[in-house]
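Asks: Pasting a structure below so you can have a look.
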2 protein chains.
Amino acid sequence: MGEFELIRHYFAAAPCAQGGAGVALGIGDDCALLDLPAAAQLAVSTDTLVAGVHFPHACDPSLLGQRSLAVAASDLAAMGATPVGFTLALTLPEVSEQWLKAYAEGLDRMARQCRLSLIGGDTTRGPLSITMTVFGRVPAGQALLRSGAQVGDLLCVGGELGNAAGALPLVLGEREAAAEISAPLLAQYWSPSPQFALGRALRGKATAALDISDGLLADCGHIAKASRLALEVNLAQVPVSPALVAFSGPAAARQAALTGGDDYVLVFTLPAQHLPALRDAGLAVHVIGRAVAGEGVVLRDEHGQDITPRQRGYQHFRETP
Amino acid sequence: MGEFELIRHYFAAAPCAQGGAGVALGIGDDCALLDLPAAAQLAVSTDTLVAGVHFPHACDPSLLGQRSLAVAASDLAAMGATPVGFTLALTLPEVSEQWLKAYAEGLDRMARQCRLSLIGGDTTRGPLSITMTVFGRVPAGQALLRSGAQVGDLLCVGGELGNAAGALPLVLGEREAAAEISAPLLAQYWSPSPQFALGRALRGKATAALDISDGLLADCGHIAKASRLALEVNLAQVPVSPALVAFSGPAAARQAALTGGDDYVLVFTLPAQHLPALRDAGLAVHVIGRAVAGEGVVLRDEHGQDITPRQRGYQHFRETP
């Protein structure tokens with residue numbers, strides 16, 4: 001048995017690889033087999049993370065295991081899908097049992113947190129790279145698309161923004177901070193929580209949704225374009241964490257919240273009548289603006305002045321938008 | 001719009017990305033959405049190809065486009081699944097429009113040949129690598145597994161073996177040959193045809209199946225292990241192409257047929273009563289041995305002598321088994 005065969009057996013033995021709801025056949029044959037309930041659709045998304053581009057080569061493999069799955073799984077939350085499973089395509093320059101053990105532990109922790117079963121994959125030799133394909137189920141016709149926003153809808157986000165981008169100097173070891181500041185920022189970077197409960201609660205309510213990976217303004221632009229309208233963002237309403245303000249200062253914190261990626265918080269448009277039900281359900285919903293006629297994204301200050309930046313930069317680690 | 005955004009639009013415009021049976025939502029949102037008929041299961045498989053490991057860096061991108069999809073899609077054929085769609089995770093060191101155009105053309109050609117819709121993916125910067133995740137549908141309970149072979153079943157393959165491994169000196173430019181010899185060998189390497197029709201015809205008939213990617217003996221070993229029996233292979237019955245014998249000589253041709261990978265021809269076990277129906281349907285079925293009690297794989301010469309090699313080498317380009 002070759003070393004890569006051994007790795008496959010290693011992942012196949014993980015708790016998250018022992019099957020689950022919707023998994024008729026897991027790791028070990030030519031294909032996995034998924035069952036889908038009647039009147040459901042399967043949601044599918046693929047994400048690749050490359051060492052040196054999307055994460056530092058020297059990072060903690062356990063944290064990488066968590067983050068690599070959470071980043072991919074977040075797309076399921078953004079569709080309002082219930083998690084089912086995922087495949088892992090792992091390319092490794094060499095086989096280090098210590099690295100693998102830690103990576104698999106972090107991956108398994110996030111998989112069980114997300115209720116995602118590892119159903120298959122491929123392990124190859126090459127420059128370190130991770131491709132996850134995630135699967136979820138959603139009642140037919142109820143998936144949250146980007147294209148349904150209506151003029152007059154509220155623009156909302158599911159939590160504080162900018163923490164992941166703000167954490168980069170900590171991630172890269174360029175700066176240090178007291179634990180009460182660094183812990184929440186690093187947690188958002190290394191262990192983002194896909195907002196599955198929020199996504200499911202938005203079915204039949206939100207008119208458009210996605211998870212923020214390119215930055216609030218850029219991702220609002222995706223909804224605006226797909227829905228053929230404009231989105232107004234009120235800067236004063238964009239939620240920013242006290243930890244981020246303390247670490248970066250108010251101006252950089254605001255910048256991170258607007259243009260930093262990698263938060264994986266949902267942004268969505270919502271007819272106002274649905275807001276009370278979501279808040280009654282205990283979900284964090286922050287209204288930050290409104291859908292209006294027009295195109296693109298308009299950023300307004302507390303006086304209603306248009307302060308839209310001409311260029312929307314990216315402050316996250318990724319070199320590719 | 002960044003250059004990687006442009007690439008996404010490029011693939012989204014390909015004919016194979018315009019949807020198809022079972023694709024409720026294709027490229028462009030957080031997830032794709034697949035519909036599955038009642039009483040069907042979704043078959044899923046992931047394969048990664050890394051430049052310098054699974055294919056030469058300097059190869060023709062159009063041929064690579066064909067091969068990268070065919071290799072992944074073959075796993076669907078091996079399950080008896082009907083093709084539905086695939087995602088493409090493409091990591092590129094730089095953006096060359098010429099390379100991309102040729103790659104996309106080859107990919108699209110194979111996708112349409114296989115009736116696979118491109119439903120999503122990710123494009124990132126990094127060392128050249130391709131991960132495909134393929135989707136097919138199969139009537140619930142009828143997927144062809146590795147584990148169902150019964151003592152007494154015939155051992156069969158769906159075509160000539162060894163051509164892809166035999167083609168390697170041509171692929172790598174180490175040797176040349178006349179077109180009538182090189183063409184069929186190179187075609188098997190660069191454009192393997194997933195045996196979908198054979199796979200579907202084997203539903204309800206074959207007791208175990210897989211597609212040969214590691215080499216006949218190694219892959220028979222996978223069936224033998226999963227089915228808890230032994231498989232006897234009669235060397236004289238293993239089909240080898242005249243082109244391969246002419247190019248490599250009889251001994252090397254035999255070796256390629258037994259241990260060379262990358263043919264993506266189906267190997268399966270079949271109760272003898274089903275053989276006539278398959279042949280009447282015009283399907284190429286070569287009986288090469290039989291399932292017997294025991295374990296592992298036994299290779300026999302024309303006199304019935306056990307000539308099983310002690311070590312099963314790999315002659316294909318891949319460094320990892």
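Asks: Please arrange B:THR123, A:THR308 by how many other C-beta atoms lie within 10 Å of their C-beta, fewest to most. Each step should come with its number before you reach the end.
Replies: Details: B:THR123 21, A:THR308 14.
Fewest-to-most Cβ neighbours within 10 Å comes out as A:THR308, B:THR123.
Asks: May I ask you to sort B:ASP214, A:ASP301 by Cβ crowding, counting other Cβ atoms within 10 Å and putting the fewest first?
Replies: On the way: B:ASP214 23, A:ASP301 11.
Arranged by neighbour count, lowest to highest, B:ASP214, A:ASP301 become A:ASP301, B:ASP214.
Asks: Also: Taking A:GLN18 in one copy and the same position in all the others, each labelled 7 Å out along Cα→Cβ, what are the pairwise distances from the first, in nm, shortest first?
Replies: For A:GLN18, the inter-copy label distances come out at 4.9 nm.
Asks: Separate question: Within the range A:58-157, list the GluC sites (Glu not before Pro) lying in a DSSP loop whose Cβ has at most 11 other Cβ atoms in a 10 Å radius.
Replies: On the way: sites: A:GLU94, A:GLU97, A:GLU105; in loops: A:GLU94.
Those satisfying the criteria are A:GLU94.
Asks: Ok, one more. Determine ³J(HN,Hα), in whole Hz, for all residues of the range A:162-178 in sequence, where each value follows from phi through the Karplus function 6.51 cos²θ - 1.76 cosθ + 1.60 and θ = phi - 60°; x replaces Gly and Pro.
Replies: Each residue's phi maps through the Karplus curve to give x, 4, 5, 5, x, 6, 4, x, 6, 4, 8, x, 7, 9, 10, 7, 4 Hz.
Asks: Hey, can you grab everything whose amide H is under 5 Å from the amide H of A:VAL23? Only 5+ residues off in sequence or another chain; H modelled, so Pro and N-termini drop out.
Replies: It is A:ASP35, by chain and number.
Asks: Then there is this: How far apart, in nm, are two points set 7 Å out from the Cα along the Cα-to-Cβ line at B:ALA197 and at A:GLU105?
Replies: Modelled inter-label distance: 5.4 nm.
Asks: Additional query: With a/c under 1.5 counting as rounded, go ahead and sort the range B:154-300 into rounded, prolate or oblate using the C-alpha gyration tensor (a ≥ b ≥ c being the square roots of the eigenvalues; past the cut-off, prolate if a/b is larger than b/c, else oblate). Don't skip to the end; give the middle numbers.
Replies: On the way: a/c = 2.13, a/b = 1.58, b/c = 1.35.
Prolate, since a/c reaches 1.5 and a/b exceeds b/c.
Asks: Let me know the shape class of the protein assembly as shown, please: from the alpha-carbon gyration tensor, a ≥ b ≥ c as square roots of the eigenvalues, rounded when a/c is under 1.5, otherwise prolate if a/b is greater than b/c, or oblate.
Replies: On the way: a/c = 2.15, a/b = 1.98, b/c = 1.08.
In terms of gyration-tensor shape, prolate.
Asks: Looking at the square roots a ≥ b ≥ c of the eigenvalues of the Cα gyration tensor of chain A, which shape do they give, rounded for a/c under 1.5, prolate if a/b is larger than b/c, or oblate?
Replies: Details: a/c = 2.21, a/b = 1.36, b/c = 1.63.
Judged from the Cα gyration tensor, chain A comes out oblate (a/c at least 1.5, b/c at or above a/b).
Asks: About its Cα centre, what dipole magnitude does the range A:1-133 give when the only charges are +1 on Lys and Arg Cβ and -1 on Asp and Glu Cβ, stated in debye to the nearest 20?
Replies: On the way: 7 positive and 13 negative charges, 68 e Å.
Rounded to the nearest 20 debye, it is 320 debye.
Asks: Right, something else. Find how many whole Å separate the alpha carbon centroid of the range A:23-45 from the alpha carbon centroid of the range B:160-200.
Replies: Taking the Cα centre of each part, the range B:160-200 and the range A:23-45 sit 33 Å apart.
Asks: Taking H as built 1.01 Å from N, whose amide H comes closer than 5 Å to the amide H of B:ILE288, not counting residues under 5 places away?
Replies: Those qualifying (amide H under 5 Å, at least 5 residues apart or on another chain) are B:LEU155, B:CYS156, B:VAL157.
Asks: Let me ask something else about it. Whole-Hz Karplus ³J(HN,Hα) for the range A:121-129, in order, using 6.51 cos²θ - 1.76 cosθ + 1.60 and θ = phi - 60°, x for Gly and Pro?
Replies: x, 8, 10, 9, 8, x, x, 4, 7
Asks: Moving on. Kindly work out what percent of the DSSP beta bridges joining two residues of chain B are antiparallel, to the nearest 5.
Replies: Numbers: 39 of 53 bridges.
Antiparallel: roughly 75 percent of the beta bridges in chain B.
Asks: Also, I was wondering about something else. Give the separation of the Cα centroids, the range B:56-116 to the range A:125-152, in Å.
Replies: If we compute the Cα centre of each part, the gap is 22 Å.
Asks: Sort shortest first the distances from B:TRP99 to its counterpart in every other copy, using label points 7 Å along the Cα-to-beta-carbon line, and give them in nm.
Replies: Ordered by increasing distance: 2.3 nm.
Asks: Given R₀ = 60 Å, FRET efficiency for B:HIS9-B:ALA39 by Cβ-Cβ distance, to 0.05?
Replies: 0.95
Asks: So what are the ³J(HN,Hα) numbers for the range A:249-265, from phi and the Karplus equation (6.51, -1.76, 1.60; θ = phi - 60°), rounded to whole Hz, Gly and Pro as x?
Replies: So the Karplus estimates, Gly and Pro as x, are x, x, 5, 5, 5, 4, 4, 4, 5, 7, 10, x, x, 6, 7, 6, 8 Hz.
Asks: What is the Rg over Rh value, at two decimals, for the range A:3-139, using alpha-carbon atoms and the Kirkwood definition of Rh? If you can, show how the numbers build up before the last one.
Replies: On the way: Rg = 14.3 Å, Rh = 14.9 Å.
My calculation of the ratio gives 0.96.
Asks: Let me ask something else about it. Provide B:ILE119, A:ILE223, A:ILE307, B:ILE7 in ascending order of the number of other Cβ atoms located within 10 Å of each residue's Cβ, fewest first. Provide the component values of the computation, followed by the final result.
Replies: Numbers: B:ILE119 29, A:ILE223 26, A:ILE307 12, B:ILE7 20.
In increasing order of surrounding Cβ atoms, one gets A:ILE307, B:ILE7, A:ILE223, B:ILE119.
Asks: Now for a different question. Non-local amide H neighbours of A:ARG300 (under 5 Å, H modeled in plane, Pro and chain starts lacking H): which ones?
Replies: Result for A:ARG300 returns A:VAL233, A:ASN234, A:LEU235, A:ILE307.
Asks: Select from the range A:128-198 those GluC sites (Glu not before Pro) which occupy a DSSP coil region and have at most 14 other Cβ atoms within 10 Å, ordered by residue number.
Replies: Listed in order of number, the matching sites are A:GLU174, A:GLU176.
Asks: Another one. So the label point sits 7 Å from Cα along the Cα-to-Cβ vector; using that for A:GLN142, what distances do you get to the other copies, in nanometres, sorted shortest first?
Replies: 3.0
All of the numbers you see were taken from the coordinates with simple rules; none came from a lab. Everything quoted here is computed from the prediction, not taken from an experiment. Note that each Cβ is placed from the backbone with ideal geometry, even for glycine, and that neighbours are counted across all protein chains shown.
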